[in-house]
Amino acid sequence: MNITRRQMLILLPAAAVAWEAVLAGTPEASSNYKMSDHWWGMLIDIPKCIGCGNCVRACQTENDVPDGHFRTWVERYHRSDWPMTESGEVTANPLIVPEVISPDGGKEGFPVATDESGKYFFVPKMCNHCADSPCTQVCPVGATFISPDGVVLVDQTYCLGCAYCVQACPYGCRYIHPTKEVADKCTLCYHRITKGLTTACCEACPTGARQLVDLKDPKDPIHEFLKTHSVQVLKPQMATGAKLFYNDLDGSVR
Amino acid sequence: MNGVEGYMYPNEITLYWSVLIVLYPYITGLVAGAFILASLERVFRVEAVKPTYRLALLTALAFLLVAPLPLVLHLGHPFRSPEMYFTPHSTSAMAMFGYVYMWYLMAVLVFEIWLDYRREIVLLSQSSTGLLRLIYKVMTLGSTNISPRSLAIDERVGWIVTLIGIPSAFLLHGYVGFIFGSIKANPWWSSPLMPVVFIFSAMVSGIAGVMLLYMGINKLRKQAIDMRCVDTIAMYMFYIYIIDFSLEMLDLVHRIYEANESFNSLNFMVHTKLYFSQIVLQICLGTITPLVLLFLTQVVKLPEIARKYMYVISGCLALIGVLAMRWNVVIGGQLFSKSFLGYTTYKMALATKEGLIVAIFLTLLPLLFLWVLVKLLPPWPEKSAPAPAAAD
Amino acid sequence: MSVFKDAGHLFRFAGLFVLAFLVFLVVRHYVVPKSFGEYGHYRGAAMGEIAAHPAKFAGHDTCEACHSDVADKKSKGKHAHVNCEACHGALFQRLPNPEQPRPNLYKRFVALIIPPAPPDSPLLRHAEDPSSVKPEMPDTAVLCARCHTASAAKPKGFPQVAPADHSNGVPCETCHQPHNPAIDAGGAK
């Protein structure tokens with residue numbers, strides 16, 4: 001290890017710029033970030049997810065997520081083959097009753113699956129950063145809100161901890177922080193994306209199954225992706241304006 | 001693990017609305033119901049229930065004073081609760097609680113009680129001594145005018161306040177139902193019938209509560225129970241309970257017939273985790289049994305003593321039934337996963353901030369408040385009131 | 001006139017209301033945070049506060065600023081799109097919180113009503129002090145297996161092996177160099 005070389009290198013412009021971005025302050029204070037220029041969301045490419053749990057661990061590290069609670073988690077779906085008895089009767093519809101597991105939110109990955117029948121896939125979940133979010137609608141005091149750049153945030157210095165937002169989220173993305181006693185949830189790594197970094201879960205995903213997208217950026221690859229792929233959001237019947245886009249989402253996912 | 005069956009989203013395993021949130025609509029409902037009973041006499045001129053008029057008002061006040069306590073206690077940050085007044089969020093059903101509560105407490109209940117008791121307050125402020133005298137003096141607001149003319153004005157204004165109070169009572173409790181009924185994410189709650197069911201069950205519980213209190217207090221004071229009054233109250237309770245039960249059954253039948261995506265999950269829950277509290281306690285014991293008992297008192301000529309027992313039993317069962325209904329709504333709504341793939345378990349704590357002991361204390365606290373109120377403002381006519389002093 | 005005289009007590013009651021309302025307005029003026037309503041029905045300053053949290057994953061650009069040799073090697077192999085911190089963990093590590101003494105009865109009672117904020121522990125920053133703060137070297141037996149253990153649940157095209165059959169306990173890096181894992185890329189060190 002050539003420490004001195006690296007110590008010298010850290011002063012070089014490239015490192016300095018990267019470093020400064022990390023340490024930059026508030027979004028409006030950092031000159032190159034304007035809230036009105038962004039509208040954040042995320043793309044989840046289900047066929048790419050291998051269920052390693054890197055995102056869950058990274059999120060916990062980045063955001064000090066307490067054990068047993070999750071800002072993001074991964075579910076493993078197993079949609080069995082069409083079940084029929086010997087006399088030819090159908091017993092259940094696997095589209096309606098898939099087998100789902102998420103041991104400790106998938107933080108340490110998943111047990112090896114040996115049953116080759118049916119169809120398996122992993123579904124990473126997190127806050128959908130809905131444009132018409134039911135959780136911000138119900139907050140009695142305005143402690144949770146959609147930021148001008150489309151991120152659903154919690155003002156933890158103002159939150160009462162009434163948990164009404166937890167009840168209102170159709171996706172189970174919120175929880176009450178056990179020691180802070182306020183609502184807590186995915187911030188889409190707001191402290192990172194406002195500094196030009198991607199989210200911790202995207203940074204840590206080894207297969208690129210998660211992509212932070214900026215819908216207001218015309219150069220964002222999401223626009224091309226949406227044109228060429230079959231993309232769905234979770235529980236579209238909830239009409240939440242979810243901005244968590246799933247590629248190749250199976251109908252059994254809820 | 002953790003009492004989970006099937007699959008829950010990992011953040012759903014803990015229930016965030018505990019037994020205290022069960023008490024909140026229950027206590028609020030008792031307020032609304034007691035007030036409606038009081039308004040029967042005042043606005044609808046049902047003279048038979050007059051003996052309970054003042055008791056009903058004081059009961060409503062005693063319970064209303066306690067109503068926000070379970071809410072505030074369950075907050076993670078109780079001291080931030082004034083934010084509800086300072087920055088109420090217009091799109092939140094819960095934000096309006098503060099204002100509706102204040103309106104109902106001050107503009108309706110306290111004002112009406114004050115108007116109704118003003119003559120006594122003024123007289124007591126002159127006849128009592130010591131600290132009591134000071135309390136009554138403050139309550140007069142420095143005005144000792146109890147001329148017939150001023151009392152006539154009070155009577156007229158009180159009538160208007162009661163008239164405003166009826167929709168206010170509906171608002172107070174209907175909106176509590178709306179808090180649950182407007183959550184589209186939760187199929188167990190999301191229903192336009194929810195506020196209506198809440199109002200009618202509230203009326204049942206409030207009327208039952210006041211009836212029991214009236215009978216109990218008269219027993220303690222060794223006074224005769226006015227059977228005409230109790231018969232009338234029981235009759236109203238019976239009719240309102242029929243409406244309430246019909247609405248609840250309508251909701252149930254509608255869910256069963258529509259059988260939408262959540263049905264299998266909810267149906268399973270009602271037959272397992274909620275079987276005792278929903279089927280046994282709420283429907284069979286808490287609704288059908290008192291309905292049958294009350295029905296008997298309406299159609300069969302029964303001796304007075306039998307009617308009394310039946311009223312007491314059906315009143316108690318109704319109170320249990322309505323409490324079970326609140327439990328099934330609040331706790332039941334959090335037992336199933338919004339993925340419709342699993343169920344969790346509610347483990348009630350014992351001695352924590354949201355535990356059983358606090359819950360029992362909060363249930364009994366209104367009775368303590370009522371005792372103080374009754375001491376301060378006796379609801380029975382002239383018995384303990386002092387000889388009228390010359391006023392004005 | 002006498003109507004007003006006989007209704008005088010009502011005006012007193014109304015006066016109390018008006019007074020309470022005025023007090024409320026004054027208090028409200030002072031307690032509502034200044035930035036409330038700046039962008040919507042919330043405290044505008046909250047966004048700045050949330051954005052000011054320190055990041056722990058520094059991003060591959062920060063790593064590559066110094067470790068350009070590794071970046072070069074990685075860019076030629078199958079792990080080109082696996083970011084540094086996906087395997088090495090966050091560049092900045094939080095130290096475990098120092099052991100807190102058990103608070104006294106009074107403090108525990110107060111904590112029931114006003115929950116205390118959890119103490120913040122210091123961040124160790126490898127990029128600021130590369131020699132003394134070093135990310136842990138990952139254990140390949142755990143690290144590689146996490147992604148590449150064969151399972152019927154994984155996408156079929158993803159390279160996966162049953163570790164026991166595949167290497168019989170020989171460490172992965174004996175044959176595969178993690179930064180460019182293909183064997184013909186010169187796995188053995």
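If the requirement is being of a type in the set (G, A, S) and crowded, with 18+ Cβ neighbours inside 10 Å, which of these qualifies: B:A60, B:A107?
Of B:A60, B:A107, the one residue that is of a type in the set (G, A, S) and crowded, with 18+ Cβ neighbours inside 10 Å is B:A60.
Restrict the check to the stretch B:343-354 and report whether at least one residue is in the same structural domain as B:I283 (by TED's automatic domain parsing), assigned to a helix (DSSP H, G or I) and in contact with a Leu (Cβ under 6 Å, 6 or more places away or on another chain).
Checked the stretch B:343-354: no residue is in the same structural domain as B:I283 (by TED's automatic domain parsing), assigned to a helix (DSSP H, G or I) and in contact with a Leu (Cβ under 6 Å, 6 or more places away or on another chain).
Looking at B:L323, B:L341, can you tell me which residue is more than 14 Å from every other protein chain (Cβ to nearest Cβ) and either surrounded by fewer than 14 Cβ atoms within 10 Å (Cβ to Cβ) or of a type in the set (A, V, I, L, M) (or both)?
Just one listed residue meets the conditions, B:L323.
Tell me, please, whether a residue that is of a type in the set (F, W, Y) and within 25 Å of B:Y343 (Cα to Cα) can be found in the stretch B:186-196.
So far as the stretch B:186-196 goes, yes, one or more of its residues are of a type in the set (F, W, Y) and within 25 Å of B:Y343 (Cα to Cα).
Considering only residues of the stretch B:232-267 that are acidic (D, E) and out of contact with any helix residue (DSSP H, G or I) (no Cβ under 7 Å at 6 or more places or on another chain), which is nearest to the other protein chains (Cβ to nearest Cβ)?
Restricting to residues being acidic (D, E) and out of contact with any helix residue (DSSP H, G or I) (no Cβ under 7 Å at 6 or more places or on another chain), the top hit is B:E261.
Would you point out which residue out of B:S205, B:S190, B:S201 is surrounded by fewer than 16 Cβ atoms within 10 Å (Cβ to Cβ), under 30 Å from B:F97 (Cα atoms) and touching a helix residue (DSSP H, G or I) at 6+ places or on another chain (Cβ under 7 Å)?
Exactly one residue qualifies, and that residue is B:S190.
Which number in (1) surrounded by fewer than 24 Cβ atoms within 10 Å (Cβ to Cβ); (2) basic (K, R); (3) more than 10 Å from chain B (Cβ to nearest Cβ) marks the one condition that A:K235 misses?
Condition (3) is where A:K235 drops out.
Which of the following residues is outside any loop (DSSP other than H, G, I, E, B), more than 14 Å from chain A (Cβ to nearest Cβ) and either under 23 Å from the mean Cα position of the chain (by Cα) or of a type in the set (A, V, I, L, M) (or both): B:V100, B:V110?
B:V110
Within the stretch C:33-51, is even one residue over 23 Å from B:S81 (Cα atoms), surrounded by 13 or more Cβ atoms within 10 Å (Cβ to Cβ), modelled with pLDDT under 95 and within 13 Å of chain A (Cβ to nearest Cβ)?
Yes, the stretch C:33-51 contains a residue that is over 23 Å from B:S81 (Cα atoms), surrounded by 13 or more Cβ atoms within 10 Å (Cβ to Cβ), modelled with pLDDT under 95 and within 13 Å of chain A (Cβ to nearest Cβ).
If you scan the stretch A:173-206, which residues turn out to be within 14 Å of chain B (Cβ to nearest Cβ) and touching a strand residue (DSSP E or B) at 6+ places or on another chain (Cβ under 8 Å)?
A:C173, A:R174, A:Y175, A:I176, A:H177, A:V182, A:A183, A:D184, A:K185, A:C186 - these are the residues of the stretch A:173-206 that are within 14 Å of chain B (Cβ to nearest Cβ) and touching a strand residue (DSSP E or B) at 6+ places or on another chain (Cβ under 8 Å).
Are any residues in the stretch B:136-148 surrounded by fewer than 15 Cβ atoms within 10 Å (Cβ to Cβ) and assigned to a helix (DSSP H, G or I), and if so, which ones?
Hits for the stretch B:136-148 are B:V138, B:P148.
Just one of (1) away from chain B (no Cβ under 14 Å); (2) crowded, with 24+ Cβ neighbours inside 10 Å; (3) among the small types (G, A, S); (4) free of Cβ contacts under 8 Å to residues at least 24 places away in the same chain trips up A:G88, so point out which.
(2)
Just give me the residues in the stretch A:111-142 being within 21 Å of the chain's Cα centre (by Cα) and in a loop (DSSP other than H, G, I, E, B), in sequence order.
Within the stretch A:111-142, A:C127, A:N128, A:H129, A:C130, A:A131, A:D132, A:S133 meet the criteria.
Whether any residue in the stretch B:164-182 is under 30 Å from B:I331 (Cβ atoms) and outside any helix (DSSP H, G or I) is what I want to check.
Yes, the conditions are met somewhere in the stretch B:164-182.
From the list B:L172, B:L141, which residue is touching a Lys or Arg at 6+ places or on another chain (Cβ under 7 Å) and at pLDDT below 95?
Within the list B:L172, B:L141, the selection yields B:L141.
Report yes if some residue within the stretch A:84-101 is within 30 Å of A:S36 (Cα to Cα) and assigned to a strand (DSSP E or B); otherwise report no.
no
For A:H229, work out the one condition from (1) touching a residue at least 24 places away in the same chain (Cβ under 8 Å); (2) over 24 Å from C:A52 (Cβ atoms); (3) not hydroxyl-bearing (S, T, Y) it doesn't fulfil.
Condition (1) is where A:H229 drops out.
The values are calculated or read from the model by the stated rules, or taken from the named source; none is laboratory data. Keep in mind that what you see is a predicted model, and the values were worked out from it rather than measured. Methodologically, a virtual Cβ is constructed for each residue, glycine included, from the backbone with ideal geometry; neighbour enumeration extends over all protein chains shown.
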